[in-house]
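To keep things clear, I will list the structure first and then write my remarks on it.
None of the figures in this text is laboratory data; all of them are computed from the coordinates on show. This one's a predicted model, so the numbers in the text were calculated from it and none came from an experiment. Methodologically, a virtual Cβ is constructed for each residue, glycine included, from the backbone with ideal geometry; neighbour enumeration extends over all protein chains shown.
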Amino acid sequence: MRAYAAAVLAFTTFTLTGTGQSRAPAAPGADWPVWGGPTRNFLSPVKGLQTSWPATGPAKVWTRNLGEGYSAPAIEGRTLYTMYSNGTGEVVTALDAATGKTRWEHSYKTAFADTGPDIGNGPFAMPQVIGDRIVSVGGTGRLFSLDKRTGRPVWTHDLYAEYGASRMQFGFSCHALPYKHLLIMSIGGSGKSLIAFNQADGALVWAKHAFPNSHSSPIAITVDGQPQVVALMGQQVVAVDPLTGNLLWTHPHPTQYDLAIATPSWGPDNVLVVSSSYEGGTRALQLSQAGGKTTVKQLWHNSRIRVHFGSMIRVDGTIYGASGHSGPAPITAFDVKTGRILWQTGREFAKAQLVYADGKLIILDEDGVLAIATPTATALQVHSKVQLLTKVAWTPPILAGHTLYIRDRKTLMALRVG
């Protein structure tokens with residue numbers, strides 16, 4: 001787990017800054033403030049997870065109905081933040097993390113229309129805790145910076161109307177990346193496919209490039225001492241200087257319909273892994289940098305590994321993810337350096353989202369089946385498995401301390417898993 005520890009340190013020193021910090025640092029794993037957790041890679045330092053559940057599943061702390069949506073919950077201290085649709089617009093809500101009771105709500109009118117039988121009307125992105133703000137973006141590209149104590153807007157942008165962002169058929173879903181005083185996003189649009197705002201007042205800092213947009217979210221990496229922001233766009237993976245937006249490098253990753261969704265995976269070995277369905281497959285890029293110039297070498301491309309929109313879990317030299325689009329999507333383990341498939345599950349799980357903690361994978365599949373399992377060198381050892389939610393459950397499970405939060409399109413549930 002040395003690679004995991006290095007990733008935690010690199011992310012903490014590189015991106016977790018904001019407009020102000022209003023509370024002391026939490027115990028490791030107690031908070032899940034931003035997309036992918038504190039290290040933006042769906043790895044948690046929490047220990048002491050149960051591996052055996054009763055037939056009914058882990059102890060239920062609370063459950064409540066929400067409006068429609070896939071927005072993952074963010075957790076900071078005793079407060080949970082998420083989003084839902086109420087039929088006429090979108091709502092950002094703060095809940096008591098221990099009881100599920102509403103603390104405040106911020107709502108606004110908008111109209112994103114379902115484009116398919118399983119998609120729903122959103123919202124899709126997670127509201128993120130960044131300093132003393134909640135940063136949220138809805139299905140139609142309405143970006144808000146809210147006071148996290150009251151829910152009152154501090155500033156807002158309409159990414160479509162103001163900046164000509166790409167109108168996403170399946171709803172806007174990019175999670176803004178905090179870097180020092182900036183919020184960096186991919187939004188598409190001519191000359192504005194990547195954009196940075198000032199966290200404090202929402203002022204535009206830079207907007208550049210004309211790459212086709214995607215549903216993926218950018219990540220922060222450091223290549224031989226140089227900070228870079230990597231974004232998986234519709235047809236290529238790109239990297240920019242976070243402070244200026246200047247282009248550092250690009251590499252092709254063609255995907256049908258620009259539907260690249262999964263978040264890229266980065267490791268301390270300077271290997272970047274990107275994956276998509278729609279004939280995109282998975283590729284690994286070895287990066288090196290000297291004198292401000294980055295060299296990109298493709299290590300491999302495997303069209304059999306196709307992570308659609310789920311989380312890719314990287315533990316040392318192995319990545320775990322659900323590979324497939326429609327039909328079976330087996331949980332797959334593959335080697336980072338070679339792309340060789342190490343093992344795949346059968347049909348026991350539908351397309352799943354994953355979180356890794358305490359040497360185990362927490363699995364939530366799209367049918368609402370929750371499981372905990374240990375990945376080994378040759379197989380996935382499933383310890384407990386139970387149906388708790390209903391289809392469609394496309395929201396990643398969120399682990400904050402020993403409380404697990406899971407969601408389908410209309411229900412949010414808190415479970416005790418320690």
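Here is how the numbers come out for the structure above:
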{"quantity": "³J(HN,Hα), Karplus 6.51/-1.76/1.60, whole Hz, each residue of the range 107-113, x for Gly, Pro", "calculated": "10, 8, 7, 6, 9, 9, 9"}
{"quantity": "Gyration tensor verdict on the range 28-70 (Cα atoms; rounded if a/c is under 1.5, prolate if a/b is larger than b/c, oblate otherwise)", "calculated": "oblate"}
{"quantity": "Amide H contacts under 5 Å for Ser166, placed H, 5+ residues apart", "calculated": "Gly188, Gly189"}
{"quantity": "Shape of the range 132-247, Cα gyration tensor, a/c cut at 1.5", "calculated": "oblate"}
{"quantity": "Per-selection Kirkwood Rh - the range 28-144 (Cα, Å, 1 d.p.)", "calculated": "15.5 Å"}
{"quantity": "Estimated inter-spin distance, Asn198 and Lys297, nm [label 7 Å along Cα→Cβ]", "calculated": "4.3 nm"}
{"quantity": "Reciprocal mean inverse distance between Cα atoms of the range 229-341 - Kirkwood radius, Å", "calculated": "14.2 Å"}
{"quantity": "Residue-wise HN-Hα coupling along the range 308-316, computed from phi with Karplus coefficients 6.51, -1.76, 1.60 (Hz; x: Gly, Pro)", "calculated": "6, 9, x, 7, 9, 9, 9, 10, 6"}
{"quantity": "Residues with amide H under 5 Å from that of Trp343, placed H, sequence gap 5 or more", "calculated": "Ala333"}
{"quantity": "Estimated vicinal HN-Hα couplings, Hz - the range 379-396 in sequence order (Karplus 6.51, -1.76, 1.60; Gly, Pro = x)", "calculated": "6, 9, 8, 7, 8, 9, 8, 8, 8, 10, 10, 10, 5, 10, 10, 10, 8, x"}
{"quantity": "Distance in nm between pseudo-label sites at Thr102 and Gln256 (7 Å out along the Cβ direction from Cα)", "calculated": "4.2 nm"}
{"quantity": "Global geometry of the chain, whether rounded, prolate or oblate, following the gyration tensor of its Cα atoms and the 1.5 cut on a/c", "calculated": "rounded"}
{"quantity": "For the chain, calculated [θ]222 nm from helices alone, where every DSSP H run of n ≥ 4 adds -39500 (n - 2.57)", "calculated": "-1000 deg cm²/dmol"}
{"quantity": "Other-chain or far-sequence residues with amide H under 5 Å of His253's (modelled H)", "calculated": "Gln236, Val237"}
{"quantity": "Least to most buried among Ser71, Ser323 (fewest other Cβ within 10 Å first)", "calculated": "Ser323, Ser71"}
{"quantity": "Relative contact order of the chain, defined on C-alpha pairs under 8 angstrom at six or more residues apart (%)", "calculated": "15 percent"}
{"quantity": "Ranking of Asp258, Asp96 by count of other Cβ atoms within 10 Å, fewest first", "calculated": "Asp96, Asp258"}
{"quantity": "Exposure proxy ranking, count of Cβ atoms within 10 Å, fewest first, for Met83, Met413", "calculated": "Met413, Met83"}
